Amino acid sequence: MSTRRHFFKPGRSESETSLRAKISQALFTVQTDLSTVEKRVSAFEQKLEEIMNRLDDLENRLKRLEELLD
Amino acid sequence: MPVSFSIHSYRGGTGKSTTTANLAVMLTLYNKNVATIDLDLTSPGLHVIYQVSQTQMKATLNDYIYGKTPLEDVVVDLTNQLGLPRGKLYFLGASMKPEDIAKLMRDGYSERFFKEVAKHLAEAYDVDFVFFDTHPGLNEDTLLAVLSSDISFMLMRMDKQDITGTYVTAQVLSKFNKTSYVILNMVPPSMADVPELQVEVSRLLGVPVVGVVPFYPEILQHRSRGVFILKHPKHPYTMRIKAIADFIIKNLG
């Protein structure tokens, strides 16, 4: 392990200015697609609900089967 | 160089700090040296979970960022305090003073900070992993933190607002070819073990799911008093955190 004391030198580089500009651009582009986002998330939620309903149905059938076997 | 991770979520209250602290402790049990950095400037929470008092912190992360103090004065070694049997755990806390928070929020981070702090932690403390517990949301500084780390972990709950925000975040990160993973947190227990859940989330976000953590009321009851997995080593939550740590060790370490 080093015994050197580690200081950070503040200040921004040119690459950072460019990365920040790219981030702003990316945020701007994505925000314009919000209607598509809404559609995709709703479709996902619907699919999840279908899966959960299917599981509920399966659980109910198993219960009925267990009752019949008893 | 250590591997750096950002822990990010679209909304607050998703369990970022709890996950960061527990995952970091779990990784020390694999004999790893881990540093955790609280970048959630407006609502820092890691120090509460670790039970670090302000007097234990000789200096804050803000002092290091402004070049006023060396890293060695910011780092708090928690290994003995938490009674960790192997590995090392370090904590770097941000200032709680409103004027310091406001100044850093105004000035923003420097992109170099993320690489430099990881490099300094490797040199001074032989750290294997660095975790940045970020501020929630989609702002320029938070994205800079996420993009400047090697790997991004996005925490998501299963509610519409969170799903939408995480989807948008994943879209932004994909534009930068960022290596990202999703951890589903506080998942309704009835849903947690459904195999299709991970498949559907991965399909929606275009990002692999590395962990599914159900909602456990015991975590809430614990109220961030200490690191949960140390107090409850056999709890199912601990097993879920172990599964994520296993993934990191096998694939990202």
Self-check item: Area projected by the alpha carbon convex hull of the protein assembly as shown, averaged over all directions, nm²
Solution: 18.3 nm²
Quiz item: With the contact rule set at Cα under 8 Å and sequence spacing of 6 or more, what percent relative contact order holds for region B:144-212?
Solution: 36 percent
Quiz prompt | Computed helical MRE - 222 nm, chain B, DSSP H runs ≥ 4 contributing -39500 (n - 2.57), nearest 500 | solution = -12000 deg cm²/dmol
Exercise. For an R0 of 30 angstrom, estimate the FRET efficiency from the Cβ-Cβ distance between A:THR3 and B:MET105 and round to the nearest 0.05.
Key: 0.30
Quiz item: Counting only complete DSSP H runs, which helices of chain B cover 20 Å or more along their long axis at the Cα atoms and score a mean Kyte-Doolittle of -1.0 or above?
Solution: B:111-125, B:160-174
Self-check item: Residue order, fewest to most surrounding Cβ atoms within 10 angstrom, among B:LYS242, A:LYS63
Solution: A:LYS63, B:LYS242
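For region B:119-171, what is the Kirkwood estimate of the hydrodynamic radius, computed as the reciprocal of the mean inverse distance between distinct Cα atoms, to one decimal in Å? Display every interim value, and only then the final one.
Working: mean 1/r = 0.0781 Å⁻¹.
Roughly 12.8 Å, rounded to one decimal.
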Practice problem: For chain A, find the longest principal axis of its Cα atoms and tell me its angle to the long axis of helix A:34-69, 0 to 90°, nearest 10. | Solution: 30 degrees
Quiz item: Counting pairs of alpha carbon atoms under 8 Å apart in space and at least six apart in sequence, what relative contact order in percent does region B:3-248 give?
Solution: 28 percent
Quiz item: What share of all Cα pairs of region B:179-218, in percent, falls into each consecutive 5 Å distance bin?
Solution: 6, 26, 32, 22, 9, 4, 1
Exercise. Return the distance in nm (one decimal) between the two label points of a simple spin-label model at A:GLN46 and B:LYS115, each offset 7 Å from Cα along Cα→Cβ.
Key: 4.6 nm
Quiz item: Could you list log10 I(q)/I(0) for chain A at q = 0.20, 0.27 Å⁻¹, which the Debye formula gives when each Cα is one point scatterer?
Solution: -0.93, -1.09
Quiz item: Label points 7 Å out from Cα along the Cβ direction at B:ASP159 and A:ARG54: separation in nm?
Solution: 2.8 nm
Quiz prompt | Peptide B:194-205, shielding by other chains (average Cβ, 10 Å cutoff) | solution = 3
Quiz item: Which whole-angstrom value gives the distance between the alpha carbon centres of region B:124-140 and region A:16-36?
Solution: 22 Å
Exercise. Mind jotting down the distance between the C-alpha centroids of region B:193-253 and region B:13-66, whole Å?
Key: 18 Å
Quiz item: What value does chain B have for Rg/Rh, both radii from Cα atoms and Rh as Kirkwood defines it?
Solution: 0.94
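Throughout, read-outs are computed from the coordinates displayed, never taken from laboratory work. Bear in mind the structure is a predicted one, so any value in this text is a computation, not a measurement. Backbone-built Cβ (ideal geometry, glycine too); neighbour counts: all protein chains shown.
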